[in-house]
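To start, the structure under review is shown below, and the notes come after it.
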Amino acid sequence: MEPVRAFVIIGPGRAEVQDVEEPVAGPGQVVVDVERAGVCGTDVEFFTGEMSYLHDGQARYPIRIGHEWSGVVRAAGPGVDPGWVGRRVTGDTMLGCGVCGRCTSNRQHLCATRHEIGIRNGWPGALAERLPVPVTALHPLPPPVDPTAGALVEPGGNALRAVRGAGLRPGERLLVLGPGTIGLLVAQIAAAQGVEVHLLGVTAASVEFARGLGHGQVWTAGTLPPLRWDAVVDASNAATSPALALDLVEPGRRVVFIGLSGTPSLLDSRSLALKDVTAVGVLSASGGLAGTVELYASGAVDPRPLVAATIGLSEAAAALSGSRPAAWGAAPKVHIDPSLP
């Protein structure tokens, strides 16, 4: 076997492209040739050293990041149908033990001993030429879902679960806090279901980019109209947003929390109770991946305009450190093609 190239974070702010041992498909596993991998805020936190898992023992350096990916199955391990070889796939990030009560009740994403690809308990990530994955985590990609869209299935699955959590009917009104990747995908998915979507942003660039995607109702704090919000999704990273979501939502309806702030966020539980509001938390795309593939394949949602650039492994460190050429524009997502230098 020959070594494969992988992006490895060796400490806060320090990373390099290394030759690593080629993965071998164990029992129940496949090896995937990675076509695209996305980087997100979690990956940035690993690069800066701020990620909480680094401080509570759930992850440690060196770490190979990357949990948003698409690729082609290269090899199948013992017990795996060889028909998987050659198929284009993406996969779940959350890999439960398979035997605990959470796993056997379809909550494997909450398994106490779970691995998370590129994140938790040492499972290597997709910023590499090849990736080992349990076959049970795979989702086939039909021809209309190209490598770029395939690597956006994972964030799309998170967004779909947030939309489901909002519990809206066609014609009702949704406010999304934060027009980043997840927020924009929430908006696209909800709009495809007939929901009236509004977005609340902070920076002029993000607001203008959202409008350029066709979202006509994008506001800032100073321009937000006093409308009835049948649900509010907090997809931001601001510590003040959860309280704002609760303040704005219509009594008796739902707030969905999918964004995470770097510091603890506070809200008044008395308001939650007195407004009879249901609060929904969303962790991971598990349960939303298949539905997202269907949305992308049908053309109802096209996530590809959210990608600013596709770069090689050698450029990943600069992207994670915040380097962003002006030519990339304001699209929020950066993709890695491991076949590039």
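Taken together, the values in this text are just the output of simple stated rules run on the coordinates, not laboratory data. Keep in mind it's a predicted model, so treat the numbers as computed, not measured. Cβ atoms come from the backbone with ideal geometry, glycine included; neighbour counts cover every protein chain shown.
Tabulated results
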| item | result |
| --- | --- |
| Relative contact order, percent, the chain [alpha-carbon distance under 8 Å, six or more residues apart] | 19 |
| Built amide H within the under 5 Å cut-off of G91, gap 5+ | W69, H139 |
| Fraction in percent of alpha-carbon pairs per bin - 5 Å, the range 68-119 | 4, 20, 18, 17, 22, 16, 2 |
| Mean Cβ neighbour count within 10 Å, used as a protection proxy, ranking 277-285, 97-105 highest first | 277-285, 97-105 |
| Inter-centroid distance (Cα atoms) of the range 110-164 relative to the range 250-301, Å | 19 |
| Largest-first principal axis extents of the Cα set of the chain (Å) | 63, 47, 41 |
| FRET efficiency for R14 and D81, using Cβ-Cβ distance with R0 set to 35 Å, rounded to 0.05 | 0.30 |
| Total formal charge among the other residues, if their Cβ is under 10 angstrom from that of G150, Lys/Arg +1 and Asp/Glu -1 | -2 |
| Of the GluC sites (Glu not before Pro) in the range 11-68, those whose Cβ has at most 14 other Cβ within 10 Å and which sit in DSSP loop | E21, E50 |
| 3J(HN,Hα) from dihedral phi, the range 280-289, Karplus parametrisation 6.51/-1.76/1.60, rounded to Hz, x for glycine, proline | 10, x, 10, 10, 5, 8, 3, x, x, 5 |
| Value of relative contact order over the range 172-324, rounded to a whole percent, pairs C-alpha under 8 Å and six or more apart | 19 |
| Mean Cβ count within 10 Å, highest first, over the residues of peptides 268-276, 156-164 | 156-164, 268-276 |
